[in-house]
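Step one of this worksheet: look at the structure below.
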Amino acid sequence: MDSLDDLIQGTGAAAYCLYASSENADMRHMSRFVTHDPVTIIKKIDCSPVMIVPQMEADRAVRESPAHILTRQQAGYLEIFEHEKDPWKIQAAMIYRLSNGPYLVPPDYPIALARALEQYNKVIVDADSRLSAHRAKKTPEEISWITRAQRAAEAAMDVAVSLIKNAEIRSGVLWHDETPLTSDLVRYEMNKIMLAHDCTAQDTIVACGQETAMPHCTGHGELRAHEPIVIDVFPCDNKTGYHADMTRTVSRGEPSGKVMELYLTVKDALLMSEAMVQEGKTGAECYIAVRDFFAELGYRSDTEGFVHSLGHGVGLEIHENPSLSGIGGELAIGNVITLEPGLYYREIGGVRIENLGVVTKTGFSKITNYPLEMIV
């Protein structure tokens, strides 16, 4: 946590304070503890984080978290409750007993708790979310957790592609077991595989035809032959909370010449961006290179064409630092990022291909291990 110590010291604070459940990525990263109820974490300079938990969670927290664990009673809750009934003021008093401030807090810190803390000392808001930026550099262990989630994504993708490949074609519609093959059925089968890998995924995209022109359309209804099918899956590993992310665009049978042209162009853009990535390059440089590559071939980047960033960081959040957009900063060793160029046209459809990998000193070390073929 050296960089967090630097952040605390640099802002003139005495401690960094979080109040959140493990759905908050910063809290999960600092505590490695899973709880659906918010808890308080206090990080002082040169000290391990202290986490205040209910008595019922204490034994589990001691076993699972590297933080120093205190129950609310040990933090003084009962004594404070004798003269103070406001729950936010009680929280603030417990924090004050453990650190007298000033207090550095994240931008999403509860305002009622911040105001209660101000009774004791100054509260400084980390408006730039620099703790989140600290999470962008992954340890080897974190990379292994992301890789495990990626293998679940690939297993799910295998099921989806197999269903599409082995479907019967009737009047242009794909059929499976005497019923039309639908986006919902493919998602259902993918979810079963991810659960078997102890992963879950929400909003998995299985979009076909003109739906593919909308990058985040989840898709519905029958899947058709000779049309693009965009499959985008981003599971979360239930044990660690870390995500993976991958996209493939496939077609049962050869699609139109225009769609195939889009696919080959996007594939070239993906390979070009993979060759660009390395420590010290900026996300903006990579994005602009792909945008300009598309533009030189006549594919615009406004209301149609290349309408999103080139990629993003992946970790405890599916979209986190660094950004590979027009404002993306320097890439660093240990960043886990996606590269996902895409082209989208309302009258044609859309194509997106996405790989996941680690930024190294000299390149992009792919985590994704999955073919790029479109026609199945």
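Roughly speaking, what is the stretch gain from Ala196 to Asp184, that is 0.36 nm per residue apart minus the C-alpha to C-alpha distance, in nm to one decimal? Before the final figure, lay out each step's value.
Values: separation 12, 0.36 × 12 = 4.32 nm, distance 1.86 nm.
Gain on stretching Ala196 to Asp184: 2.5 nm.
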Can you list the trypsin sites (Lys or Arg not before Pro) in region 308-376 that are in a DSSP coil and have 14 or fewer other beta carbons within 10 angstrom?
Arg346, Lys361
Derived scalar couplings ³J(HN,Hα) [region 145-158; Karplus, 6.51 cos²θ - 1.76 cosθ + 1.60; whole Hz; x for Gly, Pro]:
5, 5, 4, 4, 5, 5, 5, 5, 4, 5, 5, 5, 4, 4
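Can you pull out the GluC sites (Glu not before Pro) in region 332-376 whose DSSP state is coil and whose Cβ has at most 15 other Cβ atoms within 10 Å?
Answer in residue order: Glu347, Glu373.
When ligands, DNA and RNA are left out and all protein chains stay put, how many square angstrom of accessible area per residue does region 1-49 have with a 1.4 Å probe?
Numbers: 1970 Å² over 49 residues.
Counting only protein heavy atoms, the per-residue value for region 1-49 is 40 Å².
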Cα-Cα P(r), region 49-108, percent of pairs per 10 Å interval
21, 47, 30, 2
Whole number in Å², please: accessible area per residue of region 130-215, 1.4 Å probe, ligands, DNA and RNA not counted.
47 Å²
What's the carbon and sulfur percent of region 1-89's accessible surface, probe 1.4 angstrom, rounded to a whole number?
48 percent
With -39,500 (n - 2.57) per DSSP H segment of 4 or more residues and division by the full residue count of the chain, the 222 nm estimate, nearest 500 deg cm²/dmol, is -10500 deg cm²/dmol
Tell me the carbon and sulfur percent of the accessible area for region 168-307, rounded to whole percent, probe radius 1.4 Å.
51 percent
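Would you work out the charge dipole size for region 187-328 about its Cα centre, treating the Cβ of every Lys and Arg as +1 and the Cβ of every Asp and Glu as -1, and quote it to the nearest 20 debye?
Rounded to the nearest 20 debye, it is 240 debye.
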Starting from one equal scatterer on each C-alpha and no solvent at all, send me the Debye-based log10 I(q)/I(0) for region 122-214 at q = 0.16, 0.18, 0.20 Å⁻¹, two decimals.
-0.80, -0.90, -1.00
Ratio of region 116-162's C-alpha Rg to 2.2 N^0.38 Å, to two decimals?
2.09
Would you please name the GluC sites (Glu not before Pro) within region 171-259 that are DSSP coil residues with at most 14 other C-beta atoms within 10 Å of their C-beta?
Glu178
Students often get this wrong: which residues of region 86-104 have the backbone nitrogen under 15 Å from the point 7 angstrom along Cα-to-C-beta of Asp37?
87-88, 91
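For Lys122 and Glu261, what is the calculated FRET efficiency with R₀ set at 45 Å and r taken between the beta-carbons, to the nearest 0.05? Don't skip to the answer; put the middle values down first.
Numbers: r = 60 Å, r/R0 = 1.33.
Rounded to the nearest 0.05, the efficiency is 0.15.
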With R₀ set to 25 angstrom, the calculated FRET efficiency between the beta-carbons of His220 and Glu274, to the nearest 0.05, is 0.20
Whole Å is fine, so just give me how far the alpha carbon centre of region 194-240 lies from that of region 65-106.
44 Å
Would you kindly give the portion of the calculated P(r) for region 1-116 that falls above 19 Å, as a percent of all Cα pairs?
43 percent
Taking the simple approach of a point 7 Å from Cα along Cα-to-Cβ for both Asp46 and Ile111, what is their distance in nm?
3.8 nm
What distance in nm lies between label points placed 7 Å from Cα along the C-beta direction at Gln210 and Val62?
6.4 nm
Using only the Cα atoms of region 240-365, what do you get for the radius of gyration and for Dmax, in Å?
14.5, 43
Between Phe81 and Asp292, what length in nm is gained on full extension when 0.36 nm per residue of separation is reduced by their alpha carbon distance?
69.7 nm
For region 157-262, the charge dipole (Cβ of Lys, Arg +1; Cβ of Asp, Glu -1; about the Cα centre) points to a positive end, and the Cα of His226, Ile205, Ile164 closest to that extreme belongs to His226
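For Lys366 and Glu330, compute 0.36 nm times the residue count separating them, minus their Cα-Cα distance, and round to one decimal in nm. Present the calculation step by step, with values, prior to reporting the outcome.
Numbers: separation 36, 0.36 × 36 = 12.96 nm, distance 1.89 nm.
Using 0.36 nm per residue and subtracting the Cα-Cα distance, I get 11.1 nm.
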Positive end of the charge dipole of the chain (Lys, Arg +1 and Asp, Glu -1 on Cβ, about the Cα centre): tell me which of Trp145, Gly357, Leu104 has its Cα farthest that way.
Leu104
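The values are calculated or read from the model by the stated rules, or taken from the named source; none is laboratory data. Small disclaimer: the values here were computed from a predicted structure and weren't measured. With ideal geometry, Cβ positions are generated from the backbone for all residues, glycine too; neighbour counts draw on all protein chains shown. Side chains are part of the model used for accessible areas, which takes the heavy atoms of the whole protein and leaves out ligands, DNA and RNA. Shrake-Rupley method; radii C 1.70, N 1.55, O 1.52, S 1.80 Å.
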